[in-house]
Amino acid sequence: MIIDPRYHTLAKGLTGFSTALKPGERVLIDAFDVPDAMVIALIRAARERGAHPYVNLNRARISRELMLGADEAQYAPHAEVELKRMQKMDAYIALRGSENIFETSDIPADRVQLVSRLMKPVLDYRVNSTKWVVLRWPTASMAQQAAMSTEKFEDFYFRVCTLDYARMIPGMKALKTLMEKTDRVHIKGPGTDLTFSIKGIGARECGGQRNIPDGEVFSCPVKDSVEGYIQYNAPTVYLGTSFDQIRLEFKQGRIVQATAATPAMTKRLNAVLDSDPGARFIGEFALGFNPHILEPMRDILFDEKIAGSFHFTPGQAYEGVGNGNKSQVHWDMVSIQRPEYGGGEVWFDGKLIRKDGLFVPKSLQKLNPEYLLGT
């Protein structure tokens, strides 16, 4: 089989820098609508490191058909089997392609919530107990989302995914340290005036070892500390449904009002936020800084890393860097603060940290595009 050399480069990065596979470790390769050649490249890269690869192949249209008739009797045993398998793994690599990002948009909300609830222990174990990395796969559908030709998007994709992520390390460490010392955060921008505390929460660096593409440092608000309002300016897709112009208002940490661009979007948005009590509280706050990613494309693994952005996430908080909020929802909603998107400011304890998408303190300037791109 002739394999694109870029596949081998990416596979070596995923099994090396991202998951650091060791001899004898088991890795589950979870492939969603991905070319066989890329899966084979990953198998070979894992074996070169002495690891034992396992493969799970998924197809979106088949998954949709199963979920359309989902019930407890079907998915409870399935979740048990998947959890047992995950508990045998040391690492997890997921490649998620999609010919149609709206493939699941017509699945009833109650079926989606049922599957999410039953499969949540599998997700929790994978996130908290394995070395893992998740990435999208470039498709014509994604190229359409990005308003690019397929060839141009593929070039963009491999440029982003094979970025020298080690170059992010000094700036990420500095931002992590600063977040861990910070109490009050104030975010200002068009339609946005948010205040909250991150005191005692901690922070985590994400520079190619969890998601590809990557480029963020995240923390989490103290659960009841969020006050104010936010107008997100990046479109988003959640559970197969597209949303625009989401606006959230907070009192004592809870989302008390939520609207979107149309009445139908607003109704669906509130249905998601009413999935469980934790869905109306925030589980993550993060600053994004990938220098190659500048525009939203309705794909969260890309959009949450946009240079000069932040995301403020309703739902589940991460263990270890979180406020203990529990939910089946984890929805990364993104706002971009570069000048062409209206600008904005991020303040930590009364000190300006980022203005119009660029970090201000000298210790954080290594997260600005000029440094990360080596220009």
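Scanning region 1-55 for residues that are closer than 22 Å to Ala140 by Cα, touching a Gly at 6+ places or on another chain (Cβ under 8 Å) and charged (D, E, K, R) yields one hit, Asp33. Just a yes or no: is a residue in region 53-68 modelled with pLDDT of 95 or more, of a type outside the set (A, V, I, L, M), outside any helix (DSSP H, G or I) and open to solvent by 90 Å² or more (accessible area, probe 1.4 Å)? Checked against the condition, which is being modelled with pLDDT of 95 or more, of a type outside the set (A, V, I, L, M), outside any helix (DSSP H, G or I) and open to solvent by 90 Å² or more (accessible area, probe 1.4 Å), region 53-68 yields at least one hit. For region 22-52, taking the residues that are outside any loop (DSSP other than H, G, I, E, B) and in contact (Cβ under 8 Å) with a residue 60 or more places away in the chain, the one that is surrounded by the most Cβ atoms within 10 Å (Cβ to Cβ) is identified as Val27.
Of all the numbered requirements in (1) surrounded by fewer than 19 Cβ atoms within 10 Å (Cβ to Cβ); (2) free of Cβ contacts under 8 Å to residues at least 40 places away in the same chain; (3) not polar (S, T, N, Q), Leu269 misses one, and that requirement is (1). Screening Ser275, Ser309, Ser335 for residues that are of a type in the set (Ser, Thr, Tyr), open to solvent by less than 40 Å² (accessible area, probe 1.4 Å) and either farther than 27 Å from Lys355 by Cβ or over 15 Å from the mean Cα position of the chain (by Cα) (or both) leaves exactly one candidate, Ser275. Do you know which residues across region 95-114 are aliphatic (A, V, I, L, M) and either surrounded by fewer than 20 Cβ atoms within 10 Å (Cβ to Cβ) or more than 19 Å from Leu28 (Cβ to Cβ) (or both)? Scanning region 95-114 gives Ile101, Ile107, Ala109, Val112, Leu114.
Scanning region 196-228 for residues that are assigned to a strand (DSSP E or B), crowded, with 17+ Cβ neighbours inside 10 Å and not polar (S, T, N, Q) yields a count of 8. Of the residues making up region 5-15, those that are open to solvent by 20 Å² or more (accessible area, probe 1.4 Å) and more than 16 Å from Val160 (Cβ to Cβ) number 3. Against the list (1) surrounded by 16 or more Cβ atoms within 10 Å (Cβ to Cβ); (2) polar (S, T, N, Q); (3) out of contact with any His (no Cβ under 9 Å at 6 or more places or on another chain), the condition Gln252 fails is (1).
Hey, Pro314 hits all of (1) touching a residue at least 12 places away in the same chain (Cβ under 8 Å); (2) under 18 Å from Asp244 (Cβ atoms); (3) open to solvent by 20 Å² or more (accessible area, probe 1.4 Å) but one; which does it fall short on? For Pro314, the exception is condition (3). Counting only strands (runs of 3 or more DSSP E) that sit wholly inside region 257-375, those with at least 1 residues that are of a type in the set (D, E, K, R) are 282-288, 345-348, 351-355.
The values are calculated or read from the model by the stated rules, or taken from the named source; none is laboratory data. Please read all numbers here as calculations on a predicted model, not as lab measurements. Using ideal geometry, Cβ is built from the backbone for each residue, glycine included, and neighbour counts are taken over all protein chains shown. For accessibility, only protein heavy atoms count, side chains too; no ligands or nucleic acids. Shrake-Rupley method; radii C 1.70, N 1.55, O 1.52, S 1.80 Å.
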